[in-house]
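For reference, the structure discussed in these notes is given below.
The values are calculated or read from the model by the stated rules, or taken from the named source; none is laboratory data. Just so it is clear, the model here is predicted, and its values are computed rather than measured. A quick note on method: Cβ atoms are made from the backbone with ideal geometry, for glycine too, and the neighbour counts reach across all protein chains shown. Note: accessible area is taken over every heavy atom of the protein model, side chains too, but ligands, DNA and RNA are not part of it. Shrake-Rupley method; radii C 1.70, N 1.55, O 1.52, S 1.80 Å.
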Amino acid sequence: DAGVHSKAWYAATCDRKTAEDALYRSNKDGSFLIRKSSGQDSRQPYTLVVFYNRRVYNIPIRFIESTRQYALGREKSGEERFDSVAEIVENHQRTSLVLIDSQNNTKDSTKLKHVVRVS
């Protein structure tokens with residue numbers, strides 16, 4: 001289990017548009033939630049949705065079968081791996097998360113600060 005089901009930041013049945021709308025409404029840098037990924041791929045079960053600088057970032061959370069751990073974004077060498085999705089959230093409430101905007105090729109970073117609930 002990824003440790004998500006009892007968490008305030010987990011929006012189980014929320015789709016991408018609903019999540020993005022909720023974050024735009026919050027309009028606070030560092031607002032976030034986690035939703036199930038749209039693709040229903042077991043290797044990418046969840047998506048971390050973060051609001052920063054008037055933009056919403058959808059960051060895939062990968063499940064690494066061989067180690068039964070989770071990691072953010074595309075696979076890269078030396079990446080941080082976590083035993084649960086809850087650990088990813090706790091870690092990035094303390095340490096900044098790098099946000100990569102692939103369209104504008106810019107990088108930002110923020111901590112996960114404000115839990116957004118989808119109504």
Hey, got the dipole for the stretch 14-113? About the Cα centre, +1 on K and R Cβ, -1 on D and E Cβ, debye to the nearest 20? 240 debye
Residues of the stretch 34-58 with the amide nitrogen closer than 15 Å to a label point 7 Å from the Cα of residue 13, along Cα-to-Cβ, please. 36
How large is the accessible surface of residue 42 in square angstrom, using a 1.4 angstrom probe and rounding to the nearest 10? 90 Å²
If I model a spin label at residue 117 and residue 24 as a point 7 Å from the Cα along the Cα→Cβ vector, what separation in nanometres do I get? 2.3 nm
Could you sort 31, 84 by accessible area so the largest value comes first, with the probe set to 1.4 Å? 84, 31
Note the full-extension length gain between residue 106 and residue 6 as 0.36 nm times their separation in residues minus their Cα-Cα distance, in nm to one decimal. 32.6 nm
Classify the stretch 76-119: rounded, prolate or oblate, from the alpha-carbon gyration tensor (a ≥ b ≥ c, eigenvalue square roots; a/c under 1.5 rounded; otherwise prolate if a/b is larger than b/c)? oblate
DSSP loop GluC sites (Glu not before Pro) in the stretch 1-87 with at most 15 other Cβ atoms within 10 Å of their Cβ, which ones? 65, 75, 79, 80
Send over a whole-number figure in Å² for the accessible area per residue of the chain, probe 1.4 Å. 60 Å²
Placing +1 on the Cβ of each Lys and Arg and -1 on the Cβ of each Asp and Glu in the chain, which of 6, 73, 103 has its Cα farthest towards the positive end of the resulting dipole? 103
